[in-house]
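Heads up: the structure comes next, in structure tokens.
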Amino acid sequence: MKNLRHACRSAILSGFALSLIACGNQDTTAVTTIKSADAQVTSEQSGAPNIVFILADDLGISDINAYAKHFTGKSADELYYETPNIDRLASKGISFSQAYSNPLCGPTRAAIMTGQNAARVGFTTAVPLTKTYFNQGIETPEGNNPHDAIYHYDKIKEQQAWMNGSTNTALDPELTILPEVLNSHHSAFIGKWHLGGLGVKALQPVPQGFDEVPASLDFGGSQYHYETNPKSPRYAWPVGWDTETPHYKTMPKKVFDIGTAGKAPHADYLTDDLTDRAVDFIKRRHADTDPNKKPFFLYLSHFAVHTPFQAPKGLLPYYENKPQQGTLGHSNATYAAMVSRLDASIGRVMDTIEDLGLGKNTIIVLTSDNGGTEYTKPAATDNQPFRGGKATMYEGGVRVPLIVYMADKFEGGTWRDQVVTSVDHMPTLAALTGNELPEGTEGQNFIPVLENANADMGERTLIWHYPYNVIVRHPNYDLPLTPTSGMRKGDYKLLWDWHGKLELYNIVDDPFENTNLADSMSQRADDMFNELHSWLLTNVNPKYMPYRNKDYEESKDERSYPFKDLSGALTQ
């Protein structure tokens, strides 16, 4: 049966239309049964803890008051945002000061699901309504994936020395992903998927290994209020979640499945609705009297606090008149209200677990997919005291909150300064539940760090790759971002701006990245660049690399530093 499921999912990648349509029409109940039949649960695994994994979207590291206090010393009374429930989680659990993601949501979600570097599995960015070979009905060129973006770009008027690399929009179905690793658990996915080729039926959460999906959407953003939006109907919630109309006429309708809003009734506000479904799932699993029932794995993937910025009704006036407005650069009342409702959601989940007496056998993990969004007008948030935000590789774009709590096991309201990253979640949860890891897992199990503040994870090497010219303006100068790759190795972090510039920072001594050491420590910069270059050459397909723009006119380039091609053998 497992071979059948993988064969059907593989048809999506092979481009065989008949197989694709047949697989796309699989009944999801049958797929769930197939997945359940695969699981071999030992007595040891059946006693494993429940898992509640909460992923916030675009939540910046200083958007949580406990984190803002930790890095700036400011008290909750001084801060504009209000996060009493997340602060409560931090006061009970273990918070990480150096947890890392990717600069964009899609790569981080792929890293969490696969336990592998996102660029290695083809995810280099997050895509909106992007044209792929599959959804355009175009024969896939040799060496490409049907769900690779044909060309993903921002509208940029400035000179660009590089054309953008590509990205995959769907998880390779041959990969063993997190719910399949945790086959000792009954799993549910709720919220933002964004890993399924933008609506390919056989690549949605249930065919990819989850047992049930109370509600999900394979898009990057969604309306928050229970109403339609005539200007953007595909994002209307819940109408848009249940649409059966493909985005493009060229996409086979029988394989289109952008998501499900779940059973009615729906809460007025999306964050509340997803929380209702999460609470209901926990209660149902607790009430199940089957003596052989599995522990549960709940992946609650919120859309909050991603665009569009829409405040829950009734909260906006409070934040518009709050005197702390402007502290740490936080002044967007709509965003503050959205953060508040996300915080309330986490409080409800925590209360449900505690009220049902599940606290000692349930681990809660809370993190974000990337840094806070600074580039909107007005800015959504500010990642002070860190530099940069979403879409950049500065700390404000890739350093994210991470809180882990399990009563009587991982608790104490303490902090950990060890470096951890998105690929570490799979090996950590596998170790916690007694499950085996698939070949190729890159992350490290950080349970020893949870158990001992002095545990040594060794010198970590983290790598990021974002091969795009981006409309987001660079923190140093008012010009669009150019393709960037980066590495953190031990205490040092190297950023390679493909336009021809290296930046080197000692993140321990200079976490806010004020002093570029690339010239004064040129040997270290060169050594790290060579290591980064070698990793990209070995692990990233050339189609996911930038390539030279034949129309680039250097004389018209407004950047203050000259173009220099350091790519070597990386580009075709």
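Within segment 35-44, is there a residue that is part of a loop (DSSP other than H, G, I, E, B), at negative phi and at pLDDT 50 or above? There is no residue in segment 35-44 that is part of a loop (DSSP other than H, G, I, E, B), at negative phi and at pLDDT 50 or above. ASP369 meets all of the listed conditions (1) farther than 28 Å from PRO238 by Cα; (2) of a type in the set (Asp, Glu); (3) out of contact with any His (no Cβ under 7 Å at 6 or more places or on another chain) but one, namely (1). Is one or more of the residues making up segment 333-343 β-branched (Val, Ile, Thr), part of a helix (DSSP H, G or I), at pLDDT 95 or above and closer than 30 Å to ASN50 by Cα? Looking through segment 333-343, at least one residue is β-branched (Val, Ile, Thr), part of a helix (DSSP H, G or I), at pLDDT 95 or above and closer than 30 Å to ASN50 by Cα.
Taking segment 375-394 as the range and being charged (D, E, K, R) and crowded, with 24+ Cβ neighbours inside 10 Å as the test, only LYS390 passes. Annotation note: of GLY490, GLY486, the sole residue that is at pLDDT 95 or above, surrounded by fewer than 16 Cβ atoms within 10 Å (Cβ to Cβ) and closer than 30 Å to LEU570 by Cβ is GLY490.
The single condition among (1) surrounded by fewer than 24 Cβ atoms within 10 Å (Cβ to Cβ); (2) under 19 Å from the mean Cα position of the chain (by Cα) that TYR226 does not meet is (2). Scanning segment 506-545 for residues that are within 30 Å of ASP148 (Cβ to Cβ), assigned to a loop (DSSP other than H, G, I, E, B) and free of Cβ contacts under 8 Å to residues at least 12 places away in the same chain yields a total of 0.
Considering segment 426-447, and only residues there that are among the charged types (D, E, K, R) and in contact (Cβ under 8 Å) with a residue 40 or more places away in the chain, the residue that is surrounded by the fewest Cβ atoms within 10 Å (Cβ to Cβ) turns out to be GLU436.
Looking at this structure, is LYS360 surrounded by fewer than 24 Cβ atoms within 10 Å (Cβ to Cβ) and in a helix (DSSP H, G or I)? Against the criterion (surrounded by fewer than 24 Cβ atoms within 10 Å (Cβ to Cβ) and in a helix (DSSP H, G or I)), LYS360 qualifies. For segment 63-100, filtered to residues that are in contact with an Asp or Glu (Cβ under 8 Å, 6 or more places away or on another chain) and assigned to a loop (DSSP other than H, G, I, E, B), the residue that is surrounded by the fewest Cβ atoms within 10 Å (Cβ to Cβ) is GLU82. Within segment 101-120, the set of residues being surrounded by fewer than 24 Cβ atoms within 10 Å (Cβ to Cβ), touching a helix residue (DSSP H, G or I) at 6+ places or on another chain (Cβ under 7 Å) and of a type outside the set (Lys, Arg) comprises GLN116 only.
Checking each residue of segment 316-326 against the condition of being more than 27 Å from LEU217 (Cβ to Cβ), without any contact (Cβ under 8 Å) to a residue 12 or more places away in the chain and in a loop (DSSP other than H, G, I, E, B) gives at least one match. Pairs linking a residue in segment 550-572 that is in contact (Cβ under 8 Å) with a residue 12 or more places away in the chain to a residue that is part of a helix (DSSP H, G or I) and aliphatic (A, V, I, L, M), with Cβ atoms under 9 Å and 6 or more positions apart or on different chains, are GLY568/LEU537; ALA569/LEU537; LEU570/LEU536; LEU570/LEU537. If you go through segment 450-473 and pick out every residue that is more than 30 Å from MET163 (Cα to Cα) and in contact (Cβ under 8 Å) with a residue 40 or more places away in the chain, you end up with 3. For segment 169-179, does any single residue satisfy the condition of being within 21 Å of VAL127 (Cα to Cα), modelled with pLDDT under 95, buried (at least 21 other Cβ atoms within 10 Å of the Cβ) and not small (Gly, Ala, Ser)? Within segment 169-179, one or more residues are within 21 Å of VAL127 (Cα to Cα), modelled with pLDDT under 95, buried (at least 21 other Cβ atoms within 10 Å of the Cβ) and not small (Gly, Ala, Ser). Determine whether VAL472 is among the β-branched types (Val, Ile, Thr) and part of a loop (DSSP other than H, G, I, E, B). Taking the combined requirement at face value, the residue does not satisfy it. Would you check if there is a residue in segment 246-255 being within 21 Å of LEU203 (Cα to Cα) and in contact with an Asp or Glu (Cβ under 8 Å, 6 or more places away or on another chain)? Yes, the conditions are met somewhere in segment 246-255. Scanning segment 345-353 for any residue that is within 27 Å of SER75 (Cβ to Cβ), among the polar types (S, T, N, Q), in contact with a Phe, Trp or Tyr (Cβ under 9 Å, 6 or more places away or on another chain) and in a helix (DSSP H, G or I) turns up nothing. Could you tell me whether segment 346-356 includes any residue that is at positive phi and touching a strand residue (DSSP E or B) at 6+ places or on another chain (Cβ under 8 Å)? For segment 346-356, residues at positive phi and touching a strand residue (DSSP E or B) at 6+ places or on another chain (Cβ under 8 Å): absent.
Okay, residues lined up against (1) more than 24 Å from TYR375 (Cα to Cα); (2) touching a Pro at 6+ places or on another chain (Cβ under 8 Å):
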| site | (1), (2) |
| --- | --- |
| GLY115 | yes, yes |
| THR130 | no, no |
| TYR133 | yes, yes |
| ILE156 | no, yes |
| ALA161 | no, no |
| LEU175 | yes, yes |
| LEU182 | yes, no |
| ILE190 | yes, yes |
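Does segment 106-128 contain any residue that is within 20 Å of LYS253 (Cβ to Cβ), in contact with a strand residue (DSSP E or B) (Cβ under 7 Å, 6 or more places away or on another chain) and not aromatic (Phe, Trp, Tyr)? Taking every residue of segment 106-128 in turn, none turns out to be within 20 Å of LYS253 (Cβ to Cβ), in contact with a strand residue (DSSP E or B) (Cβ under 7 Å, 6 or more places away or on another chain) and not aromatic (Phe, Trp, Tyr).
Residues that are closer than 27 Å to HIS225 by Cβ and free of Cβ contacts under 8 Å to residues at least 60 places away in the same chain within segment 240-255 comprise GLY240, TRP241, ASP242, THR243, GLU244, THR245, listed in sequence order.
The values are calculated or read from the model by the stated rules, or taken from the named source; none is laboratory data. Predicted model only: the values in this text are computed from it and were never measured. With ideal geometry, Cβ positions are generated from the backbone for all residues, glycine too; neighbour counts draw on all protein chains shown.
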